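I have placed the structure first, in the form of structure tokens, so that the comments after it can refer back to it.
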Amino acid sequence: RDGGAAASSDAARSSAASSRAAAPAVPAVPPLGPADFKPRRHLGRGRFGEVLLTTHVASGGTFAMKVLHKKLLYNSKLRERARNERMINGQLGAHPFVVKMRYAFVTPKCLCLVLELAPCGELFQLITNHDSGSFTGKTFGRKFPEQAARFYVAESLLALEFLHGNDVLYRDLKPENVLINADGHVTISDFGLSKPGVHDPLKGARSMCGTPEYLAPEILRGTHEHGLAADWWTTGCLLYELLGGQPPWYTSPSKDRDRKKLFERITTAPLKMPRGVKPRLSKDGEHLLRGLLHKDNAVRLGTDLGAAALKTHKFFAMVDFDALLAKQVEPPFSPRTLVSGDDVGADEAVAWDDIQPEASATVHKMDIPDHRFNEIFAKFEYRSKA
Ligand code: ADE
């Protein structure tokens, strides 16, 4: 019997083996390419490429497609940033306030990230486009009432908490990167300057990069490494700009063309509270700004306790962060959809061949041969499960 059992199990094994051998080969999924996406019109431009409204041909879905021009990624640092961006987008889209990537693919000339559309565009569009009736509420110019600023900064800080929890230094928080989705909540986008593997508030990153007005003093000084605390500095800059209409230490280009002057002010000039905040800036708001915009990152708010230090600050006392994370807190402005799936304004009939670097873009000679470039991005393609 034992032998029989053995024999039958052998038979079972061999029949399983033969049925495996006979199974039809699973058809290989063809790689994604330009034919799968129809570019429709420009949504914005960046240093290495542009963002286009696009339709995914097979599903008819509307997305934002970020296109990076290969020829602008002419050295290893730039290519590493593109790889980081793809990697971070692929791993960290599972947060309510972080943009979700749906596809990624390469074309002969570009690297493309296809992202869920945040139809209301940048945070400031909510307020600067008020004349076109794009949000319901009063006209505030470029300034947000404290209550509204609190909401957008609170949602942004939850996104940063998530990124930091995954050892990612974001490094590019600014009103242009805080997008607004269809129901008025925040979507943080653009990981082009982000650095993975950073878990210390004071170290882990070295490169001097970011948006000039938002650069933390420790990045500008460049004498030491910087770490996650640089994101709490930019959180302070964001709150300041939402309240006052301009970043702290801002000098208008007409008054002062010199970047050096701006950098000197950021590193040495005392912080002046934003002017013209209506109604007056609260004591808690001022205290939070001073804590986040502390030039010494060792004592900056957030350095010791991370996001918890901000969430427990009195400025946020009335915010229920659990409800906020669950999107149960109603946004201060109910945006009329600026760009929606069906009503996206006129298409520009953009063809893939029209997607070219701007004439003013810096193009250096590529430091590696084509085949090496393609090897580096061989695993770029991505399709989300959902
Ligand atoms: N610009 C950059 N990313 C975007 C997105 N996901 N939606 C809308 N505009 C964008």
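For this structure, a couple of remarks:
- Residue within the stretch 220-242 that is more than 16 Å from the ligand (Cβ to nearest atom), assigned to a helix (DSSP H, G or I), in contact with a helix residue (DSSP H, G or I) (Cβ under 7 Å, 6 or more places away or on another chain) and basic (Lys, Arg) present: yes
- Checking each residue in the stretch 299-320 for being part of a loop (DSSP other than H, G, I, E, B) and open to solvent by 10 Å² or more (accessible area, probe 1.4 Å) picks out Val299, Leu301, Thr303, Asp304, Leu305, Gly306, Thr312, His313, Ala317, Met318, Val319, Asp320.
- Of all residues making up the stretch 177-219, the number that are in contact with a Leu (Cβ under 7 Å, 6 or more places away or on another chain), among the hydrophobic types (A, V, I, L, M, F, W, C), within 16 Å of the ligand (Cβ to nearest atom) and in a loop (DSSP other than H, G, I, E, B): 0
- Residue, nearest to Gln91 (Cα to Cα), within the stretch 347-386, restricted to residues that are part of a loop (DSSP other than H, G, I, E, B) and of a type in the set (Asp, Glu): Glu381
- Selection within the stretch 100-123 - over 19 Å from Asp183 (Cα atoms) and among the small types (Gly, Ala, Ser): Ala104
- Test for Glu241: is it within 25 Å of Leu179 (Cα to Cα) and modelled with pLDDT of 90 or more: yes
- Filtered residues of the stretch 65-82 (kept if within 13 Å of the ligand (Cβ to nearest atom) and either more than 17 Å from Thr107 (Cβ to Cβ) or of a type in the set (Val, Ile, Thr) (or both)): Val67
- If you go through the stretch 137-176 and keep only what is away from the ligand (no atom under 16 Å from the Cβ) and acidic (Asp, Glu), you end up with Glu146, Glu161, Asp167.
- Of all residues in the stretch 349-386, those being out of contact with any strand residue (DSSP E or B) (no Cβ under 9 Å at 6 or more places or on another chain) and open to solvent by 80 Å² or more (accessible area, probe 1.4 Å) number 13.
- Selection of the stretch 95-126 for residues being part of a loop (DSSP other than H, G, I, E, B) and either touching a Pro at 6+ places or on another chain (Cβ under 8 Å) or within 9 Å of the ligand (Cβ to nearest atom) (or both) yields Val99, Lys100, Thr107, Leu117, Ala118, Pro119, Cys120, Gly121.
- Residue count for the stretch 83-128, restricted to those that are open to solvent by less than 10 Å² (accessible area, probe 1.4 Å) and of a type in the set (Asp, Glu): 1
The values are calculated or read from the model by the stated rules, or taken from the named source; none is laboratory data. On a predicted model such as this, the values are computed, not experimentally measured, just so you know. Neighbour counts are summed over all protein chains in view; Cβ atoms, including those assigned to glycine, are modelled from backbone coordinates with ideal geometry. When the accessible area is computed, the model is the full protein with side chains, heavy atoms only, and any ligands, DNA or RNA have been set aside. Shrake-Rupley method; radii C 1.70, N 1.55, O 1.52, S 1.80 Å.
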